[in-house]
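What follows is a set of notes on a single structure, which appears directly below.
The values are calculated or read from the model by the stated rules, or taken from the named source; none is laboratory data. Predicted, not measured: the structure shown is a model, and the values here were computed from it. Here the Cβ positions follow ideal geometry from the backbone for every residue, glycine too, while neighbour counts run over all protein chains shown.
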Amino acid sequence: MAKNSIKVSANVADTVRPTIAGADRRPGWHVLRRIVGQVTTPLLPDDYLKLANPLWSARELRGRVVEVRRETSDSATLVIKPGWGFSFDYQPGQYVGIGVLIDGRWRWRSYSLTSTPEASTTGARTISITVKAMPEGFLSTHLVDGLRPGTVVRLAAPQGNFVMPEPAPATVLFVTAGSGITPVMSMLRTLVRRDQITDIVHIHSAPTESDVMFGPELATLHDEHPGYRLLVRSTRTEGRLDLSQIGDVVPDWRERQAWACGPEGMLNDAERVWTAAGVVENLHLERFAVSRAAPHGAGGTVTFERSGKEIAVDGATPLMDAGERVGIQMPFGCRMGICQSCVVGLVDGHVRDLRTGVEHDPGTRIQTCVSAASGDCVLDV
Amino acid sequence: MAVTDVPAFAHLTDADVENLALELDAIRQDIEDSRGERDARYIRRTIAAQRALDVAGRVMLAASSKRSAWWAGTITLGVAKIIENMEIGHNVMHGQWDWMNDPEIHSSSWEWDMSGASKHWRFTHNFMHHKYTNILGMDDDVGYGVIRVTRDAKWKPFNLYGNLLFNTLLAIGFEWGVGLQHLELGKIFKGRDNRNATLIRMREFGVKAGHQLAKDYVVWPALTSLSPGATFKSTLKANAVANVIRNVWANAVIFCGHFPDGAEKFTKTDMVGESKGQWYLRQMLGSANFDNGPALAFMSGNLCHQIEHHLFPDLPSNRYAEIAVRVRALCDKYDLPYTTGPFLVQYAKTWRTIAKLSLPDRFLKDTADNAPETRSERMFTELDGYGVTDPATGRRRGLKTAIATVRGWRPR
């Protein structure tokens, strides 16, 4: 390739400018930041201030773990004090992304918030998540067993549609299993604060009584609020809950607004039962399914988010080639993995480095010239 | 006439080159597998220390009317800028720390403290210079279009005064040379550019350079002039000198990487169908190290390990020293030269070459096939029996021995 044509057709990815969390909510502070930014350019004032206190930066949402509280033998609640830029106006039931530093790398996962946004109005400027250690999930195990108070974590803004509206519906049904209780816990705590516990039935499944997260709190709730009825099912002795027989336990389940969260199988059952009864619009689901990379060399469908174009490719085709094949102006440079001109965000799914076989998780930035799809993936191009 | 066939020049067979590539890949794999908390802590602490130094220098200049404070502040700020540009900015933009998955220390988001835009640098340096290293007509870092650094370039009358003059000016204003490189001023004047692309690049450069100029020459001088111990002018001068200190140093380190004697130049024919092994080989032969202690290594952004950096531009800089031990052993095994020397000697050699090449070829003793700054496989036409293992000693007789042999023939 002649030098002239390379230079004229150059298409280097723009440098990603820092985003300021909460800039729109605090315009005054943001103006000040921009003025002081003239002094600190090309950095932001936050880049210096965070050296004094890691929470004094709105460039990336951060938080400090202030307490790690055991819930059951394999779960723990992390109480986190967020830093600058975090908004406490989240809705009960939403989840938050949390990034933890392990062996020098930031690893990200999402967990349901178990705290209530109502508490922040009365001074408690913290959030909490509750994590169950999964046998195969080394991050969840680290969060439950390895995290010390004082640790600084990264946060992503709360999101999700599995939420309790304000005001709450008159009659409610919660169907939860295992750690699926976590988003519902935020809802229950919020309803208590709002004094909206009118008529709630809660069916929760766990292997044994001692595996029930928040057991004492739920029991107290059950005792103090006549409107809250808790039915715990110990699946090890009683077997799994059969949702097609739910009418035996909750005769008026069709009339209730229902929130279900738990294993994939349970959610699929719920969807089928509610659909069959013609009341699927009353059912709200939260799926925790972790997307996993496809087996090595599998390829997948690549979606280019900005243009909406798609292409199915094998596990050996660089994503850059895939994009160019469907006519997208991909940022490019050396095409051999050394120049970082082609780095773009991996929005969803996994990709594999063709040189080393290393898998990259969603939320990271990747070199498209030396990465191939590992299952379906979405790129920010 | 510069190297046209890298394996032939290196006295290596295709199998040798392939094996060399495998051994270098193994080094990369070992480093990638062992990156971890220790490395992450190193870059985070370096960044924190650099920012503290930067603030310290700026604060000292609040007393810049006093000569001692002026010098202390100026040198501190100059050092802070050197560290930011070299050990941090240059290396972060190479993606050396992307594995940490930290959006704030990432090649795609780093903007450095100098007039050029990171985006342009990633093109001219990471791509053009690192992929086409020392290929005449491809890698613009070979002379930056104004300096004759190899006799492969045709002598032009302006070289007579221009070589030393432009080399001096480039050293003093290096950040501007780097910043303007992607704008291709030469092409603009000749009307051979793509106007739309040029306008976009000019705007990107203008925004970046504008902020930098305002910071160093308006905002900080104005701020410190509020202090009774400083004037607008005293701080402005200090900032200008700090920038020049950084420019001269960065320029010296970079010139030591590719222009001392022994760093080869290549022709475009090399890159036709170039294999990974040949690319590695070209990187090794086209780069030069300089001897270092920890301080010099740190202040050069670990570019004292230029050879290792060119082999593995995206491996963390703090690991180059241990990589160097293994690369050196490979050079011994394949009898390849490993160009290095004391910093001042290497730097002096670049000036010597540039001074010499001000003159037309008829005043030069050596031909472009066998000169200190460039060679080609033609220098070995009269040499036989190399590229094989010496039956007597069991050692390979390769490029290093061949060069020494040919040099021995030269009339002194």
Taking the stretch B:251-288 and keeping only residues that are in contact with a strand residue (DSSP E or B) (Cβ under 7 Å, 6 or more places away or on another chain) and within 12 Å of chain A (Cβ to nearest Cβ), one is left with B:LYS268, B:MET271
Scanning the stretch A:148-186 for residues that are among the hydrophobic types (A, V, I, L, M, F, W, C) and in a loop (DSSP other than H, G, I, E, B), which turns out surrounded by the most Cβ atoms within 10 Å (Cβ to Cβ)? A:MET164
All positions within the stretch A:53-78 that are among the aliphatic types (A, V, I, L, M) and in contact (Cβ under 8 Å) with a residue 60 or more places away in the chain: A:LEU55, A:LEU61, A:VAL65, A:VAL66, A:VAL68, A:ALA76, A:LEU78
Just to confirm my filter: which strands (runs of 3 or more DSSP E) fall fully inside the stretch A:223-290 and include at least 3 residues that are within 18 Å of A:PHE162 (Cα to Cα)? A:257-262, A:283-287
Looking only at residues that are facing chain A (nearest Cβ under 7 Å) and in a loop (DSSP other than H, G, I, E, B) in the stretch B:118-155, which one is nearest to A:ARG335 (Cα to Cα)? B:MET138
For A:THR198, only one of the following conditions fails: (1) within 14 Å of A:VAL175 (Cα to Cα); (2) in a loop (DSSP other than H, G, I, E, B); (3) hydroxyl-bearing (Ser, Thr, Tyr). What is its number? (1)
Can you pull out every residue in the stretch B:294-350 that is aromatic (Phe, Trp, Tyr), within 21 Å of B:VAL17 (Cβ to Cβ) and either away from chain A (no Cβ under 14 Å) or in contact with a Pro (Cβ under 7 Å, 6 or more places away or on another chain) (or both)? B:TYR334, B:TYR338
Helices (runs of 4 or more DSSP H) wholly in the stretch B:180-226 with at least 1 residues that are buried (at least 17 other Cβ atoms within 10 Å of the Cβ) and free of Cβ contacts under 8 Å to residues at least 40 places away in the same chain - which ones? B:195-214, B:220-225
What single numbered condition from (1) more than 7 Å from every other protein chain (Cβ to nearest Cβ); (2) surrounded by 23 or more Cβ atoms within 10 Å (Cβ to Cβ); (3) out of contact with any Asp or Glu (no Cβ under 6 Å at 6 or more places or on another chain) fails to hold for B:GLY89? (2)
Would you say A:LYS81 is free of Cβ contacts under 8 Å to residues at least 60 places away in the same chain and away from chain B (no Cβ under 14 Å)? yes
Name the single residue, out of those in the stretch A:110-145 being of a type in the set (Val, Ile, Thr) and closer than 12 Å to A:THR77 by Cα, that is modelled with the lowest pLDDT. A:VAL144
So which of B:ASP216, B:ASP193, B:ASP261 is among the acidic types (Asp, Glu) and modelled with pLDDT under 95? B:ASP193
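Residue-by-condition table, conditions (1) facing another protein chain (nearest Cβ under 10 Å); (2) within 23 Å of the chain's Cα centre (by Cα); (3) surrounded by 15 or more Cβ atoms within 10 Å (Cβ to Cβ); (4) on the phi < 0 side of the Ramachandran plot:
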| site | (1), (2), (3), (4) |
| --- | --- |
| B:ALA2 | no, yes, yes, no |
| B:PHE9 | no, no, yes, yes |
| B:ALA15 | no, no, no, yes |
| B:LEU24 | no, yes, yes, yes |
| B:ARG41 | yes, no, no, yes |
| B:ARG51 | yes, no, yes, yes |
Sort out which residues of the stretch A:220-253 are more than 30 Å from the chain's Cα centre (by Cα) and charged (D, E, K, R), and write them in order of number. A:ASP223, A:GLU224, A:GLU238, A:ASP248, A:ASP252
Kindly check whether there is at least one residue in the stretch B:396-405 that is modelled with pLDDT under 95, assigned to a loop (DSSP other than H, G, I, E, B) and of a type in the set (D, E, K, R). no
Among all residue pairs at least 6 apart or on different chains, which show Cβ distances below 9 Å where the first residue, located in the stretch A:111-123, is touching a residue at least 40 places away in the same chain (Cβ under 8 Å) and assigned to a helix (DSSP H, G or I) and the second is acidic (Asp, Glu) and surrounded by fewer than 21 Cβ atoms within 10 Å (Cβ to Cβ)? A:PRO117/A:ASP89
Checking the structure you have, find out if any residue of the stretch B:266-274 is over 17 Å from B:PRO342 (Cβ atoms), in a helix (DSSP H, G or I) and either touching a Cys at 6+ places or on another chain (Cβ under 9 Å) or not charged (D, E, K, R) (or both). yes
List the pairs whose first member sits in the stretch A:264-287 and is in contact (Cβ under 8 Å) with a residue 60 or more places away in the chain, whose second member is aliphatic (A, V, I, L, M), and whose Cβ atoms are under 6 Å apart, counting only residues at least 6 apart or on separate chains? A:MET266/A:ALA177; A:ALA270/A:LEU243; A:ALA270/A:ALA260; A:LEU285/A:ALA260; A:LEU285/A:LEU267
Failed item in (1) surrounded by fewer than 24 Cβ atoms within 10 Å (Cβ to Cβ); (2) touching a residue at least 24 places away in the same chain (Cβ under 8 Å), with B:GLY273 passing the rest: (2)
Just to be sure I understand, how many residues within the stretch B:321-380 are not in a helix (DSSP H, G or I) and not aliphatic (A, V, I, L, M)? 20
Somewhere in the stretch A:37-53, is a residue touching a Lys or Arg at 6+ places or on another chain (Cβ under 8 Å) and assigned to a strand (DSSP E or B)? no
Taking the stretch B:99-116 on its own, how many of its residues are more than 7 Å from every other protein chain (Cβ to nearest Cβ) and touching a residue at least 24 places away in the same chain (Cβ under 8 Å)? 4
It is to be established whether one or more residues within the stretch B:237-250 are under 21 Å from B:LEU311 (Cα atoms), surrounded by 18 or more Cβ atoms within 10 Å (Cβ to Cβ) and out of contact with any Lys or Arg (no Cβ under 7 Å at 6 or more places or on another chain). yes
Here are A:ASP269, A:ASP248: which of them is among the acidic types (Asp, Glu) and surrounded by fewer than 17 Cβ atoms within 10 Å (Cβ to Cβ)? A:ASP248
Matching residues, the stretch B:259-269, being in contact with a Lys or Arg (Cβ under 9 Å, 6 or more places away or on another chain) and crowded, with 24+ Cβ neighbours inside 10 Å: B:PHE259, B:PRO260, B:GLU264, B:LYS265, B:PHE266
